[in-house]
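Have a look at the structure that comes next, please.
Computed from the coordinates by the stated procedures, all read-outs in this text should not be read as laboratory data. Note that the coordinates shown come from a computational prediction; the quantities given were computed from them, not determined experimentally. Neighbour counts run over all protein chains shown; Cβ positions are idealised from the backbone, glycine included.
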Amino acid sequence: MRARGFKRGGVPVDHRAPFKTGPIENAFLPMNAIVQLREHRCAVEPIPVVSVGQEVREGQLLARSAGKASSNVHSPIPGIVRRIETTRTPGGFDSKAILVSLEGSFSMLGKRPERYLWKSLNKADIAHIVQDKGIVRVSSGEPLYEILSERSDAPGFVMVVSALEMDPYRRTEEELLALRAEDVVDGCAIAARMALPSRIVFAVDERIEPATLEPLRELAARSELDIAIQRFRRRFPQDLPGQIAEAMDIVDPGTLFIIEPSTLVALHEAVVSNKPHIEQYVYVGGGSIKRPAILKARIGAPIGDLIEECGGFSGHPETIVIGGPFRGRAAADLDAPVTRTTRAVLALSPEETKSAPERPCVRCGDCVDACPEGLSPYRLLKLLRSGRPDEALAAGLGRCSSCGSCSYACRSRIPLVRYFDEARQNEVRR
Amino acid sequence: MNCTKLELRSYPPFIHDWKTSAKAAWICSATLVPVALWSSVLYGRIAIVTWLTAVAAALVAEAAASALTRRWTLGDGSAVLTGLLIAAAMPPGAPWYVPVASAAFAILIVKAAFGGLGANWMNPALAGVAFAYANWPAHMREYVLPRFVAGVDGVSAATPLTFAKGLAGGLDIKVMDALRGASYPLSAIDGAVTGFLNDSLFSRLSARLPDGYIDLIIGFKPGALGESALLAVALGSIVLVSLRLIKLEIPLAMLAVFGLLARLFGTGLPGEGFLAGDAMFAMSGGSLLLVAFYMAADPVSSPVGRGACLLYGASIGALSFVFRRWGAFTEGVAYAVLVMNVTVPFIEKAATGLRLKRGRVA
């Protein structure tokens, strides 16, 4: 089976941080959970249905979806609602957040999960559960219910279950594929029943372990679904929709429905075990973390708690990053809460960030070689800096996917992506 | 876009490639150290003095520019590199004020006056060298024989290229034979290595390496400091290419075109027929390799994009040949690069236009 890959640019990911595989552990429950209501910059804010001082059970509805891109939010822990206020999310936008402090007994922890035979459910039943349990696509923060029903209106698309980890750190999706293959394939079947894809492709790393691949093949064959397994080259940003489509020789990335194993596991648990989206698999690692690990953490837990559980810092981290090293955001502090889109928390050492003072562009052309969209980032920057955004758009600024390859490669450490993002935001405002 | 530096650094991506523009300049400078060492072995004290003066002058000029613009830029390594490159183009024994003035002109006028690193539209080192050629033509064309060849320091002689130029229109012989005929000194090393190569390798290919080429390569001939250490320059170029610090297309296209033209039209001697030029002689002289890998491929003053780089390199190769073959002086390579530096915006535009025509968006 030949590994596929996008055609130009990108950053090779040859050296991965070492990681010891093993069963995924539950993180300790946080004393205080800060539950953010919006997972997406463009989402309508869900409306809180609890009030300050109210006692809530684990998994009880905290806020109800109120429109486009918003989803139901549940309490990750049993306790008392202490505060409801607007805070800045790690993603850089404002959202109302509900603070729940731990108190009372657990209804889900330690209990054997009930297993519901979902095969008897029809499309409408599944849609209802997905909406009710507030399942969110962890890679984008969009409510899964919305994406699935949009897809089911326009059949003939390809569903891609992407276990691609295109940075030197995160291993969550690969691990889930290895440890919970059955649930992933089952979750895939649930999603397929609702969205009706023409075919399903499991996108896996070119160097996937045979021990992972073989059971997956068997499960796929037994599933009565049209599942193909396709290897992809390990090169950033292979995990972006545009690059997946390019690698598969598909012209329009819009015809792909990309979903990750971790989302499928959450979907599976919602349908089979009646569990709302209150947990998240978080990779905690980076050169400044003593024992990198994947933790199953409750939504709202402060990232500092997770780092603590991984042995704390070794050395002095230069930056704490939420999300990937290429496209994540810097954490303002260690109290930043885990959200349904927090896939990784990285504490990066100066040796990893390799940051240096910004210098003028020396026209080395490395950004041109790195751009997966075939743009000339140095020229776009020159146009933007000389106040000609229209010419920059004509030169292809609109095709930039903010992957960050150019800034990664830039010898002068110019934050190219930041300029491009800002220019496009200004364009939207105009 | 008016955000502070601190905020800028907390923007993704959070990891970076190992290369920085400062590191690239320092590595380039480091690869010139063997060149400096070899030329110091060849010419002794006069070479060491020239290397040190040029670098010191470049550092002082950069410090002055930093003070004027209130931006501390000595750490980016480009000043040291410019100083080294200027020294490499100096003839051994040039008076101290020649490298000093070149370095000052390069850094203060060519670089700082246009806005510092990244904004210069000419290679500063080459512009400094051209400045020296214009102001002190006599000093810049006064060469001496290396100590090992002459036995004593400071025996003046013409470079092989200048010698060959003087021959033009004269006797009907090949350039290397002419050199020998003029009792140009031949070193013992050359005799030994040429003999060994002929016996062990070329005899089997039924070919023969004439005397003198080994001397040209190891620098046992009069020449500029960097020109003499051809092997060290080649070594440095390999380092630069393998670390991907320079755009390889430029030197490759330049050397290929130059070599081809030299082979086709000769070095200017009447004895050389069409298709029988002495390309090896032509390419070993005039700092061709040094200019190709260290100056023509300098990222700031060269175009971006594969096609543009090939066009740029090929044009430099062709121009250098024309300047050297039919021009008055032997330093045509330097002028060729400077001329092409000026045309970079047009070359880039042309390359982009071609890509657009072929249906690919820029």
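Would you list, by chain and number, the aspartates and glutamates whose Cα falls below 19 Å from the Cα of B:LYS247, excluding same-chain residues fewer than 8 positions away?
Result set, ordered by chain and number: A:ASP366, A:ASP369, B:ASP17, B:ASP298, B:GLU348.
A follow-up question, please. Please work out the Cα convex hull volume for region A:218-295 and give it in Å³ per residue.
On the way: hull volume 13.4 nm³, N = 78.
Here the figure is 172 Å³ per residue.
Using the per-residue mean of other Cβ atoms lying within 10 Å as a proxy for protection, in what order, highest first, do the peptides A:90-100, B:120-130, B:64-74, B:186-196 fall? Show your work: numbers first, answer last.
Working: A:90-100: 19.2, B:120-130: 26.3, B:64-74: 13.5, B:186-196: 15.2.
In descending order of packing, they fall as B:120-130, A:90-100, B:186-196, B:64-74.
Order the peptides A:218-224, B:209-215, A:371-377 from the highest to the lowest mean number of other Cβ atoms within 10 Å of their residues. Mind dumping the intermediate values first?
Working: A:218-224: 13.1, B:209-215: 19.1, A:371-377: 22.6.
So the order, starting with the most tightly packed, is A:371-377, B:209-215, A:218-224.
In nanometres, what is the gap between the two model label sites at A:SER386 and A:ARG399, each 7 Å from Cα along Cα-to-Cβ?
2.2 nm
Apply the Karplus curve 6.51 cos²θ - 1.76 cosθ + 1.60, θ = phi - 60°, to the phi angles in region A:210-224 and return the couplings in whole Hz, x for Gly and Pro.
Residue by residue, region A:210-224 yields x, 5, 8, 5, 4, x, 5, 4, 4, 4, 5, 5, 7, 7, 6 Hz.
Once you place label points 7 Å from the Cα toward the Cβ at B:TRP72 and B:TRP326, how far apart are they in nm?
5.3 nm
Here is a further query. For B:VAL33 and A:GLU103, what is the calculated FRET efficiency with R₀ set at 51 Å and r taken between the beta-carbons, to the nearest 0.05?
Details: r = 69 Å, r/R0 = 1.36.
After rounding, the FRET efficiency stands at 0.15.
For region A:293-300, take each phi angle, set θ = phi - 60°, evaluate the Karplus expression 6.51 cos²θ - 1.76 cosθ + 1.60, and give the result in whole Hz per residue in order, putting x for glycine and proline.
Values, residue by residue: 7, 9, 10, 8, 10, 6, 4, x Hz.
What net charge do the residues around B:PHE258 carry, taking every other residue with its C-beta under 11 Å from that of B:PHE258, with Lys and Arg at +1 and Asp and Glu at -1? All intermediate terms of the calculation are to be shown ahead of the outcome.
Working: positive: B:ARG263, B:ARG324, B:ARG325; negative: none.
Spelling it out: positives minus negatives among the neighbours equals +3.
At a Cα cut-off below 18 Å, give the lysines reachable from A:LYS290, other chains included and same-chain residues fewer than 8 away excluded.
Once the sequence-local lysines are set aside, what remains near A:LYS290 is A:LYS20.
Mind listing the long-range amide H neighbours of B:ALA157? Cut-off is under 5 Å, sequence gap 5 or more, other chains count too, H placed in the peptide plane at 1.01 Å from N.
Close amide H contacts, sequence-distant or interchain: B:TYR143, B:VAL144, B:LEU145.
Something else: Under the classification rounded if a/c is under 1.5, otherwise prolate if a/b is larger than b/c and oblate if not, where does region B:1-115 fall, given a ≥ b ≥ c as square roots of the Cα gyration tensor eigenvalues?
Details: a/c = 3.90, a/b = 1.79, b/c = 2.18.
In terms of gyration-tensor shape, oblate.
Is the shape of region A:249-337 rounded, prolate or oblate, going by the alpha carbon gyration tensor and its root eigenvalues a ≥ b ≥ c, with a/c under 1.5 for rounded and a/b larger than b/c for prolate?
Values: a/c = 2.51, a/b = 1.43, b/c = 1.76.
It comes out oblate by the Cα gyration axes.
With θ set to phi - 60°, apply the Karplus curve 6.51 cos²θ - 1.76 cosθ + 1.60 along region A:242-249 and write out the HN-Hα couplings as whole Hz, x wherever there is a Gly or Pro.
x, 7, 5, 4, 4, 5, 8, 6
To test your reading of the geometry: what angle, between 0 and 90 degrees and rounded to tens, separates the Cα axis of helix B:306-326 from the longest principal axis of chain B?
The two axes meet at around 40 degrees.
May I ask you to compute the full-extension gain from A:GLU218 to A:GLU85, defined as 0.36 nm times their residue separation minus their alpha-carbon distance, rounded to one decimal in nm? Numbers along the way, then the final one.
Details: separation 133, 0.36 × 133 = 47.88 nm, distance 4.90 nm.
Difference between extended and current length: 43.0 nm.
Regarding the protein assembly as shown, what are the three Cα extents along the principal axes, ordered largest first, in Å?
103, 58, 48
Pick from B:PHE202, B:PHE14, B:PHE281 the residue whose mean-square fluctuation is largest in a GNM of chain B, springs joining Cα atoms under 10 Å.
B:PHE14
Cα axis of helix B:21-43 to longest principal axis of chain B: angle in degrees, 0 to 90, nearest 10?
20 degrees
For the protein assembly as shown, what is the charge dipole size about the Cα centre, in debye to the nearest 20, if Lys and Arg each add +1 at the Cβ and Asp and Glu each add -1 at the Cβ?
Details: 85 positive and 74 negative charges, 221 e Å.
Dipole size: approximately 1060 debye.
If you take every residue apart from B:ALA25 with its C-beta less than 12 Å away from the C-beta of B:ALA25, what net charge results, scoring Lys and Arg +1 and Asp and Glu -1?
Values: positive: A:ARG359, A:ARG411, B:LYS19, B:LYS23; negative: B:GLU62, B:ASP76, B:ASP298.
Result for the neighbourhood of B:ALA25: +1.
Do any of A:LYS96/A:LYS296; A:LYS96/A:LYS119; A:LYS96/A:LYS133 go past 26 Å between their Cα atoms, and which? Please list the in-between numbers first.
On the way: A:LYS96/A:LYS296 24 Å; A:LYS96/A:LYS119 37 Å; A:LYS96/A:LYS133 19 Å.
Pairs exceeding 26 Å: A:LYS96/A:LYS119.
Enumerate the amide H contacts of A:VAL11 below 5 Å, restricted to partners 5 or more residues apart or on another chain; note that Pro and chain-start residues carry no placed amide H.
Distant-sequence amide H within range of A:VAL11: A:PHE236.
Charges on Cβ only, +1 for Lys and Arg, -1 for Asp and Glu, centred on the Cα centroid of chain A; of A:SER75, A:GLY286, A:GLY304, which one is farthest towards the dipole's positive end?
After comparing all options, I get A:GLY286.
Name the residue, out of B:VAL35, B:VAL239, B:VAL98, whose mean-square fluctuation peaks in a Gaussian network model built on chain B with Cα pairs under 10 Å.
Looking only at B:VAL35, B:VAL239, B:VAL98, the biggest GNM fluctuation is shown by B:VAL239.
Here's another thing I want to ask about it. In terms of modelled amide H atoms, which long-range or inter-chain residues lie less than 5 Å from the amide H of A:VAL160?
A:VAL201, A:PHE257, A:ILE258, A:ILE259
Between the helical axis of B:249-265 and the dominant principal axis of chain B, each derived from Cα atoms, what acute angle in degrees is found, rounded to the nearest 10?
Orientation of helix B:249-265: about 30 degrees from the principal axis.
Subtracting the Cα-Cα distance from 0.36 nm times the residue separation, let me have the gained length for B:PHE114 to B:ARG306 in nm, one decimal. Kindly include the intermediate steps, with their values, before the conclusion.
On the way: separation 192, 0.36 × 192 = 69.12 nm, distance 2.64 nm.
Difference between extended and current length: 66.5 nm.
Right, something else. Rounded to the nearest 0.05, what FRET efficiency do B:VAL339 and A:ALA154 give with R0 = 51 Å and r taken as the Cβ-Cβ distance? Could you check? Intermediate values should be presented prior to the final figure.
On the way: r = 59 Å, r/R0 = 1.15.
Computed FRET efficiency for B:VAL339 and A:ALA154: 0.30.
Starting from the Cα-Cα distance between A:PHE313 and A:ASP335, subtract it from 0.36 nm times their residue separation and give me the gain in nm to one decimal. Could the numbers behind the result be given before it?
On the way: separation 22, 0.36 × 22 = 7.92 nm, distance 1.54 nm.
That works out to 6.4 nm of additional length.
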